[in-house]
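Any read-out appearing in this document is the output of simple, stated calculations on the displayed coordinates, not a laboratory observation. Keep in mind that this is a model prediction, so the values were computed, not measured. All Cβ positions, glycine included, derive from the backbone under ideal geometry; neighbour counts span all protein chains shown.
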Amino acid sequence: MQANLTQLNTLSRATLVKQGRRLEYFTILYNSLEGLIAIAAGLLAGSIALVGFGFDSVIEVTSGTALLWRLRSDVDEERRERVEKVTLKIVGACFIALAVYVTYDSVKSLFYLEAPDESITGIILAAVSLVVMPLLARAKRRVAAGIRSGAMAADARQTDFCTYLSAILLGGLLLNALLGWWWADPLAALVMAPIIFKEGVEALRGKTCCDEGGCHG
């Protein structure tokens, strides 16, 4: 009976890991496309927030690739723990890189009064991501809870930040397009920087929501 339960748990974990890999493949594909569009549109419009959003997509791709490595190591329990710690640090470093980049470009834009042009492409992209990212983050949290992976939970948190950035970006672009409030664009990007940085530091220290029982679907 005990052997059957162990086999069932193993199969259940294997299914969750497989789901996790599919989610990370989707993350890599979606964010690669999103990043290319955002950076191109941002450079054309002179939008710091839009370029920063594209850079966030690049970081999401890096994080997703690291998580694929982590999930492929799940079968070997000893190796799994070792890879988990390294992956968590990679995700943490990605958070910090994003915070530094957004802060630098936002302050630079505000200092030099660099007003962006309107970007319909950016508005559409932000709106689409505002729908896709919460669903993706929720699915990742479910897998993270099932396999007790702090790295996966941190990656889900990073996807949450992509949702927040999508909302802030959309607001900034709309305010610029409708009211001409050019400063809303870099200011919107700047709002998230300290929060992202804090998450990065916690991930580097190995602290995640899973440590506090917060990995829920």
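Table: residues versus (1) in contact (Cβ under 8 Å) with a residue 40 or more places away in the chain; (2) within 24 Å of Val191 (Cβ to Cβ); (3) more than 12 Å from the chain's Cα centre (by Cα).
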residue	(1), (2), (3)
Val17	yes, no, yes
Phe26	yes, no, yes
Ile39	no, yes, yes
Ala49	yes, yes, yes
Glu60	yes, yes, no
Trp69	no, no, yes
Glu84	yes, no, yes
Margin query: Residues that are out of contact with any helix residue (DSSP H, G or I) (no Cβ under 6 Å at 6 or more places or on another chain) and farther than 16 Å from Ala189 by Cβ: does region 98-113 have at least one?
Written below: no
Notebook entry, point to check: Tally time: how many residues in region 22-53 are farther than 18 Å from Gly92 by Cα, of a type in the set (Gly, Ala, Ser), in contact with a helix residue (DSSP H, G or I) (Cβ under 7 Å, 6 or more places away or on another chain) and assigned to a helix (DSSP H, G or I)?
Noted result: 7
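Let's see how each residue does on (1) part of a helix (DSSP H, G or I); (2) without any contact (Cβ under 8 Å) to a residue 40 or more places away in the chain; (3) out of contact with any Cys (no Cβ under 7 Å at 6 or more places or on another chain); (4) closer than 24 Å to Ile37 by Cα:
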position	(1), (2), (3), (4)
Thr87	yes, no, yes, no
Ile90	yes, yes, yes, no
Gly122	yes, no, yes, yes
Leu135	yes, yes, yes, yes
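State all residues of region 160-187 that are under 15 Å from Phe53 (Cβ atoms) and surrounded by fewer than 24 Cβ atoms within 10 Å (Cβ to Cβ); if no residue qualifies, say none. Before you say what the answer is, go through the steps one by one.
Initial filter on region 160-187 (under 15 Å from Phe53 (Cβ atoms)): 160-174, 176, 184-187.
The answer is Asp160, Phe161, Thr163, Tyr164, Ser166, Ala167, Ile168, Leu170, Gly171, Leu174, Ala184, Leu187.
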Checklist line | Filter result for the condition that a residue is more than 19 Å from Phe197 (Cβ to Cβ), polar (S, T, N, Q), free of Cβ contacts under 8 Å to residues at least 12 places away in the same chain and surrounded by 17 or more Cβ atoms within 10 Å (Cβ to Cβ), over Ser73, Ser129 | finding: Ser73
